[in-house]
């Protein structure tokens, strides 16, 4: 039995290939469908336009990110949760390096495609910022909103830096490992900025530790305050 065709991927490959060869504006839906060996109506079962056939499916990816954030344990640090969610976005590109590299080449040539992708990716930053807001007590959110937006922007910027570097290298190397390093750096920098430095030697295991905190403090923040106190040098 022959393997089942991946029509969606074939249409995407045809759309990118034709646009690179003859120009994005000159490429038509009919030509894309013909190159993929399907009817025009089949094209519209998968995509609303030729732009949709070229750009990543950010709508579906953003939905997966939102579900991940919503399902995350409230006991986890929100910064670490976002760092893990960013990997979902990179996976969308890394699972098909050849297509990702060809798409990147095309978006560099076509300003309209580049602007559409920038607009689409802004949804991730908004999702991360709103998640950080939701993890704060409601009465504290306004005071922290700017800081949350800056933190969300830092995660997105780090992802984009890793992604662009990987694409410029032709998709060579381990993009996921590079992202893990970048996320660790961003998370550490933001934790120090938002929650204080946790540097210092470990306290002896038999030492009693007392931490005083507000009743409104989120559980993840309490855990980090305990960790910071445990690592603080004794006077």
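Here are the numbers for this structure:
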quantity: Qualifying residue in region 89-101 (condition: loosely packed, with under 14 Cβ neighbours inside 10 Å, outside the structural domain of residue 12 (by TED's automatic domain parsing) and touching a helix residue (DSSP H, G or I) at 6+ places or on another chain (Cβ under 9 Å)); calculated: yes
quantity: Residue in region 84-95 that is part of a helix (DSSP H, G or I) and over 30 Å from residue 194 (Cβ atoms) present; calculated: no
quantity: Candidates 112, 14 - the one that is assigned to a helix (DSSP H, G or I), outside the structural domain of residue 188 (by TED's automatic domain parsing) and over 17 Å from the mean Cα position of the chain (by Cα); calculated: 14
quantity: Residue in region 112-126 that is closer than 23 Å to residue 75 by Cα, loosely packed, with under 15 Cβ neighbours inside 10 Å and at pLDDT 95 or above present; calculated: yes
quantity: Selected residue (only one of 81, 86 is modelled with pLDDT of 95 or more, crowded, with 19+ Cβ neighbours inside 10 Å and under 17 Å from residue 162 (Cβ atoms)); calculated: 86
quantity: Hey, residue 29 more than 27 Å from residue 169 (Cα to Cα), surrounded by 16 or more Cβ atoms within 10 Å (Cβ to Cβ) and touching a helix residue (DSSP H, G or I) at 6+ places or on another chain (Cβ under 7 Å) or not; calculated: yes
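The values are calculated or read from the model by the stated rules, or taken from the named source; none is laboratory data. Quantities reported herein were computed from a predicted structural model and do not represent experimental measurements. All Cβ positions, glycine included, derive from the backbone under ideal geometry; neighbour counts span all protein chains shown.
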